[in-house]
1. To the nearest 0.05, how large is the calculated FRET efficiency for S190 and K54 if R₀ is 22 Å and r is the Cβ-Cβ distance?
2. Based on alpha-carbon centroids, what's the gap between segment 211-267 and segment 129-151 in Å, whole number please?
3. Modelling each spin label as a point 7 Å along the Cα-to-Cβ direction, I'd like the H257/N174 distance in nm, to one decimal.
4. Taking 8 Å as the Cα distance limit and 6 or more residues as the minimum spacing, I'd like the relative contact order of the chain as a percentage.
5. Take the chain, connect every pair of alpha-carbon atoms lying under 10 Å apart with a spring to form a Gaussian network, then pick out the residue of K157, K63, K182 with the largest mean-square fluctuation.
6. Given points 7 Å out from each Cα along the Cα-Cβ axis, report the H215 to M268 separation in nanometres with one decimal.
7. With springs only between Cα atoms under 10 Å apart, run a GNM on the chain and tell me which of V128, V57, V197 wobbles the most.
8. Considering the Cα positions of segment 22-259, please state its Rg to one decimal place and its Dmax as a whole number of Å.
Amino acid sequence: MNAVWTEPEAPAAAAPSHQAAAKIERETHKLEKRLCREVGRAITDYNMIEEGDKVMVCLSGGKDSYGMLDILLKLKARAPVNFELIAVNLDQKQPGFPEDVLPAYLKQVGVPFHIEEQDTYSIVKRVVPEGKTTCGLCSRLRRGILYRVADELGATKIALGHHRDDILATFFLNMFFAAKLKAMPPKLVSDDGRHVVIRPLAYVAEKDLVRWAQHREFPIIPCNLCGSQENLQRQVVGDMLRDWERKHPGRLENMLHSLQSVAPSHLMDGTLHDFKGLKPTGVASDDGDRAFDPPELPPVPAMPSAVQVVSLG
Ligand code: SF4
């Protein structure tokens, strides 16, 4: 899809007497523009949404899925292709789930929706021994139900609200605990082979979704109703990423770009690159490897001379 997914119009200039309010408005507008641009870019780069698609937007009641629906609705109004959106929430019958919140919000927004009621909570509680993690079975059950619902609704795409930071956290979790270089794809065929799953927030930073949720005052439903804690390792990796971003702004963006610029010949997977059969080509190449050169890194900032003396000594 080559057509441009456009950005919102700039707000009219505010009166000088309202400078503080105008600043907030400008910042919010910049945020909205960035969200629309990043979602539009991901949709275009991976051809996520095509003419005539019916996109089932999975809505959990968390900030990410609210943000995804909100931005997709904005883009739909000015997209170069026609597509439908239908919001779907799976009510898993967790104790205390406020079942009126999402229908009320979706009616107010005016988007078609479907609430699927399935008591997976009781199944998980019955099957998983006390003290064991419930998320594996719970997600498997949820996945199966959502695929069935997608079939019943005639959805051609299933949109999930994972964002840039989820993708990067998954990348490290897979590296640390599964010994695999593998993240979360922006678009994939589901494991039952019957559906195309998309992640329109793939380029969006989590902190932008937090700010957008505050600005839009989404009626967030807490995600700990099932009593299960977020995976501890995911929390640790999330903290690591946030710490890096604080100390080295732009690092997460670079890491995401690196996932789009992979050099299999410089990794070690013999199934992706024929290391065993490698022979001299006899042809010089500007892109070829300069095996004895150090890797290209940004310059190290100059150090104060006293420190240099100490470190040299
Ligand atoms: S946190 Fe609760 S609802 Fe979420 S996947 Fe785990 S068990 Fe299921």
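1. With a Förster radius of 22 Å, E is 0.90.
2. The distance from the Cα centre of segment 211-267 to that of segment 129-151 comes to 22 Å.
3. That separation, rounded to one decimal, is 2.2 nm.
4. So the answer I get is 18 percent.
5. Result: K182 has the largest fluctuation of those listed.
6. 4.5 nm
7. V128
8. 17.9, 55
Just so you know, all these numbers are worked out from the coordinates, no wet-lab data involved. Not measured: the values here are computed from a predicted model. When we count neighbours, we look across all protein chains shown, and the Cβ atoms used for this are built from the backbone with ideal geometry, even at glycine.
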